[in-house]
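Below is one structure, written out as structure tokens; comments come after it.
The values are calculated or read from the model by the stated rules, or taken from the named source; none is laboratory data. Computed from a prediction, not measured in an experiment: that's the story for all the values here. Quick reminder, even Gly has a Cβ in these numbers, built from the backbone with ideal geometry, and neighbours come from all protein chains shown. When the accessible area is computed, the model is the full protein with side chains, heavy atoms only, and any ligands, DNA or RNA have been set aside. Shrake-Rupley method; radii C 1.70, N 1.55, O 1.52, S 1.80 Å.
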Amino acid sequence: MKDILRMILKEKNFSTKDQPFGFEESIYADRTDDYGFDFLTVLFLDKENFSKTNLNQYIEKLFKEFSQQDNPKMGWDKNLSLLIMLKVDSIDISSEIQSLIFDIEEDPFMFKKYILPYTGKQEDVFTEQLEHCDENEILNFLNLVLYDAEKFSTFKTKRDCEEYLLYDLVSKLFIKIPYLNIINQNKEIDSLMTEIDESLTVEEKEVLIKLLDLKEPEGDEIDTQKLLESIGATENE
């Protein structure tokens, strides 16, 4: 999952480095632009090491390391997030782990915390599917999966298949990574309308405009004579 997270963060204009502050199995990422700055630490854990005691120790140490930096940026604590990638054996996690996830994420102290459980099989399926996409377009890949109607239908009805595992992981990434944004589908509609417009001849565009002008108030039928006239036909044709 490290490579997947690196790719996502890189495409979101983050700089990354491994093992920040000496912490193994972690990634530190930051970015600065005209609107502000963001800091994210990603911690990779398996369920055997997932306990409130261990996490509290890590969180306290991480917070201390940041607070003791030379010339820390004002407001860094409000822009620091911790993402915990929790590897589990099954997507059906126990109620004990679910409760622990809730307690940690809802804890308002120190900084924002997100926990994303996933399985090794999900990582394998994601990596295999991603191989068919350009390496610099992982965000596009995520949106394509999220908006895929067939994958969503499978996700809602079937559990024991790769499509379900893929959609489950992608949807969690959008929920747990605060910097991921869903592509505005209106832009895609605008692009589609542009393609349609460019494919029409001048005469076809004139007919389309006339047909659109015929739109009646909701519930009223379009006048047949006007419709025929708009396309250059008569009732007898």
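Listed here are the residues, each with its yes/no results for (1) farther than 30 Å from Leu86 by Cα; (2) open to solvent by 60 Å² or more (accessible area, probe 1.4 Å); (3) at pLDDT 75 or above; (4) assigned to a loop (DSSP other than H, G, I, E, B).
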position: Leu144; (1), (2), (3), (4): no, yes, yes, no
position: Lys156; (1), (2), (3), (4): no, yes, yes, no
position: Leu165; (1), (2), (3), (4): no, no, yes, no
position: Lys172; (1), (2), (3), (4): no, no, yes, no
position: Glu198; (1), (2), (3), (4): yes, yes, no, no
position: Glu206; (1), (2), (3), (4): yes, yes, no, no
position: Lys210; (1), (2), (3), (4): yes, yes, no, no
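The residues of the range 174-186 that are loosely packed, with under 13 Cβ neighbours inside 10 Å and in contact with a helix residue (DSSP H, G or I) (Cβ under 9 Å, 6 or more places away or on another chain), listed by number, are Asn181, Ile182.
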